[in-house]
Each structure stands twice: as structure tokens, then as C-alpha cells.
Amino acid sequence: MNQLSYKRRFAYVRRIRIQLIVVAICTTASGSLHAAEVKAAVAANFTAPAREIAVLFEKVTGHTLVASFGATGQFYTQISQGAPFDVLIAADRATPLKAISAGLAVDGTAFTYATGQLALYSLDTGHPPDVATLATGAFAKIAIANPDLAPYGAAAVETLRALGLLERLTPKLVRGSSIAQTFQFVASGNAELGFVALSDVISSGKGTYWLVPANLHAPISQDAVLLKAGAANDAAHALLAFLKGPEAALVIKKYGYAARD
């Protein structure tokens, strides 16, 4: 190879390297410019998976998920009063649809991201709870979430009614404001039993449980929806798309949620 050919090849390689560096810089700058924050009201039962999903979401999209956790019914009240949430990740299907009807959410954006499973939970590892445990009534307190605010609480009432035990066990019921508080009643020993979200049991790694058969209560279809406040927020749209994707699906399955319907 003569000196002129060498110089030409060196100059060509140098130009390619410079172009690649410029592209990398532009891509990084573009990602930083378009990264945004999305504020989501998240059902309490979805706390653990939402935290994992938030990390993946930021890693993949560059956007930041700022999540608040609580009872779906309480979130609806806050949203109707102007709380600045972009997305509602609810514990039921009815609340997102209600938000759309009230003009608080964007029509056509609601979808089921997970199907919750109800579990009867106990810290007693020697005697896992079951239907017989409920029938004997040999306990002082059994915790459920407020059925007027939390879908898991409504499912617990349906279950007791289907088993013919609601009237007998009503005096022993203690109600949590959310499914997370209900779980804490059992975890702290303030109630021997509790109807909780299976996801909370899996997250804790403690105690024993009876998985309530799905035919004893209506399906706990958990829907997400884009709120009007987040309609112009790219990060809000990206979060809903991410919830439908494979990365989120793996996390959702890991925490005991049934297949999406």
C-alpha cells in the first residue's frame, strides 16, 4: 500500500469514528431531552411489582415513574378533586370506567394489566388456613379491606357469602382502609387471619395461605387508564404501553397475578 492510499484510508476511518461519536452524543442528548416524569396512582396490592416495573421502565424508556400507593376508591376521590395524577393503575375495572364516564380519564385507554388473586393469609405455619378454618371460627379476628373502597375487600365479602359464613363471621371482621393495611393487620398479629392479595403474601415470604377459588367471587380484573391530566404527557403514554409489554408481564406473573383477560 502506498503512502497516499494509507492516508486516504486513515482519513476515511477517522471520519467514520467522528460520525459515530456525533451520533452517540446526539442520541444521548435526545434521550435526555425527551425523558419525562409520570405520576401514577397505584392500587396498594400492586406496590411490590410497581416498584420493580418502575426500575425497568426507567431503564428502557428513560422516563421516571413516581408512584403513590393506596386504595382505588380513595384515589378516585382525590382525582375527582383535582389530584395531579397522570395515570390510574387501579385494583378493579369499574373505577377506570367510572373515571372515563366522569370525564376524568381518556376514553379508549383503559385495559386490564393484571388479574388479582385473593388469599386467606395466616402467620401460623403449622396450620395453613382453609375453608375448615373459617367454618370452625376458632379465631378472634379476621381482616378484610373495606369493601366499599377496595375490590379485594368486596371479593372477600363475596367469598364469605358464597361459603354461607358471612353472617356468622361479621362480628369478627376488622376492616383495613386498603389491602396493604389489611395485610399489616395479620403481619403485625392484630388479626389471626386475613383476606389479602396473593401478591402481598409472595412479597413478604412469610406465613401460609389458602388461595381462594376464583369461582367464589367475581374476577378481580385490574385496569389501568390514562387520566386527562396526563393526556399530553409522553411518559404517561409510554408507561401504559410498557405495562402491556413483556418486561412488565414477567414481573406481574412473578407476584402471583393470573393471566390477563
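Structure notes:
- Filter pass, A105 being modelled with pLDDT of 95 or more and not assigned by TED's automatic domain parsing to the domain that holds L198: yes
- Residue check for F185: out of contact with any helix residue (DSSP H, G or I) (no Cβ under 6 Å at 6 or more places or on another chain) and either at positive phi or not assigned by TED's automatic domain parsing to the domain that holds T77 (or both): yes
- Among the conditions (1) closer than 20 Å to A132 by Cβ; (2) in contact (Cβ under 8 Å) with a residue 12 or more places away in the chain; (3) surrounded by fewer than 20 Cβ atoms within 10 Å (Cβ to Cβ), the only one that K254 does not satisfy is (1).
- Scanning segment 163-185 for residues that are surrounded by 17 or more Cβ atoms within 10 Å (Cβ to Cβ) and closer than 18 Å to V131 by Cβ gives L169, L173.
- Meets criteria (more than 24 Å from Q181 (Cα to Cα), over 11 Å from the mean Cα position of the chain (by Cα) and hydrophobic (A, V, I, L, M, F, W, C)) for V87: no
- Just one residue in the set A143, A180, A162 is small (G, A, S), touching a residue at least 40 places away in the same chain (Cβ under 8 Å) and closer than 19 Å to F75 by Cα; that residue is A180.
- Selection within segment 56-114 - of a type in the set (D, E) and outside any helix (DSSP H, G or I): D86, D92, D107
- Tally, over segment 86-107, of residues that are surrounded by fewer than 23 Cβ atoms within 10 Å (Cβ to Cβ) and within 19 Å of D234 (Cα to Cα): 3
- Residue pairs meeting the criteria (Cβ under 7 Å; at least 6 apart or on separate chains; first under 19 Å from Q74 (Cβ atoms), in segment 98-114; second basic (K, R)): L104/K228; A105/K228
- When residues of segment 71-85 are limited to those that are buried (at least 20 other Cβ atoms within 10 Å of the Cβ) and more than 19 Å from H237 (Cα to Cα), the one modelled with the lowest pLDDT: A71
- Screening G164 on (1) over 15 Å from D223 (Cα atoms); (2) touching a Leu at 6+ places or on another chain (Cβ under 6 Å) shows it passes everything except condition (2).
- When D124 is tested against (1) assigned to a helix (DSSP H, G or I); (2) in the same structural domain as W210 (by TED's automatic domain parsing); (3) of a type in the set (D, E), just one condition goes unmet, and that condition is (1).
- Residue in segment 42-57 that is farthest from the chain's Cα centre (by Cα), counting only those that are touching a residue at least 60 places away in the same chain (Cβ under 8 Å) and surrounded by fewer than 23 Cβ atoms within 10 Å (Cβ to Cβ): L56
The values are calculated or read from the model by the stated rules, or taken from the named source; none is laboratory data. If you're wondering where the values come from, they're calculated on a predicted model, not measured in any experiment. As a convention, Cβ positions derive from the backbone with ideal geometry for all residues, glycine included, and neighbour counts pool all protein chains shown.
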